[in-house]
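Notes for the one structure printed next.
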Amino acid sequence: MTYKNIYLDEIGVRAEITTFAPEGKTMEQHVMLHVEPNGDLFDKQIERLLKAEEHIAALTPSLKKVFKRYFFSDIVNQAPLVPEDETCAMSFIQQPPLDGSKAAVWIYLTEAESIKKEGDTAIVRNNGYEHFWQMGKYETQGNSYTQTQMLLYNYEEMLENHDMTIERNCIRTWFFVRDVDILYKGMVEARKANFFSQGMTEKTHFIASTGIGGVPQDTRSILVLDTYAIKGIANNQQHYLYARTHLNPTSEYGVTFERGAVIEYGDRKHVIISGTASINNKGEVVHAGDIVKQTHRMWENVETLLKEGGATYNDVMQIIVYLRDTSDYNMVKKMFEEKFPQTPYVITLAPVCRPKWLVEMECMAVIPNSTKEYKDF
């Protein structure tokens, strides 16, 4: 694993880059781009971010973009100004970066035999696997329950067209919910009903996920869905993370997602950590009202999940941090700078699904592996 922070002085963008490049194997890279506001309006800031994307892409031509997620401060007015990228999947969400800029972007790149975009989905084919990143899906009719229901129904249809199912092939989901304190419940109930209809229960498994506050670009939409599925993995190539010493099964408080997941390949393991906050193994919020103690407990919970998956914080490739209160930003930023001086991360304004949670984080890690049981990534 290599970490690199590049400041592009001529355009005022900071690039945080993590690269996993085992010798003779497929390379992967995560990039976080942060733009200096410099008093510019959005059109100039996004122009500089796009120039930075070109610069980063030119550093390693063998890497191709798979997806980009933009974090906006005012999505209704900003999203229409971003040009479509025909080479990768794209996701837009209003979760304002708290560094004072109007936008930030997370980019995932990899080497592959082919990367093809079909509508909102990037399909990465490599070594007998097909990776489906479907990004930025939303509906415009109905309440949060109905829109979740339709999004998952349409997702099932896409998977079925490629000989897959949610239960067998879906690895990761993100649900970004408008007015999460009010509308989260409808999403939770619709997801639960869908998963049960697919044969997923607390006795089988659910899906690693983040459910968090976020505003869609269409004013009629209540939520946005991003997803990741893999075709070509065996049933035993994926297992789930629980950290029972620190966390309880999510079904005990009525939600249906896994705390984390590990996907094992011949040459590496991907460790995916769901949105995680300051919670104990009874499902209770810990350290209500204390952002510092909540951040420390959140770190401890994530570290325990990573350890169960065979990883440490040194293996993490990217982090997204969600804050409920903008006034906590300077404190949390200082804490993350000290603990993660190299790891790419972004801190956004995004209320967590319980009002007493002040902060949440998610991350992805990759660790070397060596087994002949599975094909390489």
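The values are calculated or read from the model by the stated rules, or taken from the named source; none is laboratory data. A quick note: this is a predicted structure, and the numbers were derived from the prediction, not measured. As a convention, Cβ positions derive from the backbone with ideal geometry for all residues, glycine included, and neighbour counts pool all protein chains shown. Quick note on the areas: whole protein, heavy atoms, side chains included, nothing else; ligands and nucleic acids left out. Shrake-Rupley method; radii C 1.70, N 1.55, O 1.52, S 1.80 Å.
Is the shape of the range 94-199 best called rounded, prolate or oblate, per the rule: a/c under 1.5 gives rounded, else a/b larger than b/c gives prolate, else oblate, with a ≥ b ≥ c the square roots of the Cα gyration tensor eigenvalues?
Oblate.
Near residue 159, within a Cβ-to-Cβ distance under 14 Å, what is the net charge of the other residues, with Lys and Arg +1 and Asp and Glu -1?
Charge balance near residue 159 sits at -4.
For the range 265-337, list log₁₀ I(q)/I(0) at each q in 0.24 Å⁻¹, using the Debye formula over Cα point scatterers of equal strength and ignoring solvent, two decimals each.
Ignoring solvent entirely, the Cα scatterers give -1.22.
For the chain, what % of the accessible area comes from carbon and sulfur atoms, probe 1.4 Å?
With neighbouring chains kept in place, the figure for the chain is 48 percent.
If you plug each phi of the range 235-250 into the Karplus form 6.51 cos²θ - 1.76 cosθ + 1.60 with θ = phi - 60°, what whole-Hz ³J(HN,Hα) values come out, in order, with x for Gly and Pro?
3J(HN,Hα) across the range 235-250, in whole Hz: 4, 8, 7, 10, 9, 10, 10, 10, 6, 4, 5, 10, 10, 10, x, 4.
Over the chain, what is the relative contact order in whole percent, taking alpha-carbon pairs under 8 Å and six or more residues apart?
17
Would you mind checking which residues have amide H under 5 Å from residue 111's amide H? H placed 1.01 Å from N; only 5 or more apart, or other chain.
Residues meeting the criterion, in which the H sits 1.01 Å from N, are 27, 64.
At most 11 other Cβ atoms within 10 Å and a DSSP loop assignment: could you name the GluC sites (Glu not before Pro) in the range 96-149 that fit?
When the GluC sites (Glu not before Pro) of the range 96-149 are filtered for loop state and at most 11 Cβ neighbours within 10 Å, 113 remain.
Taking a probe of 1.4 Å, how large is the accessible area per residue of the chain, in Å²?
Ligands and nucleic acids excluded, the result is 40 Å² per residue.
Could you bin all the Cα-Cα distances of the chain into 20 Å bins starting at 0 and give me the percent of pairs in each, rounded to whole numbers?
Binned Cα distances yield the sequence 30, 64, 7.
If you place +1 on the Cβ of every Lys and Arg and -1 on the Cβ of every Asp and Glu, how big does the dipole about the Cα centre of the chain come out, in debye to the nearest 20?
Dipole size: approximately 680 debye.
The range 271-318 to the range 168-222: how many Å between their Cα centroids?
20
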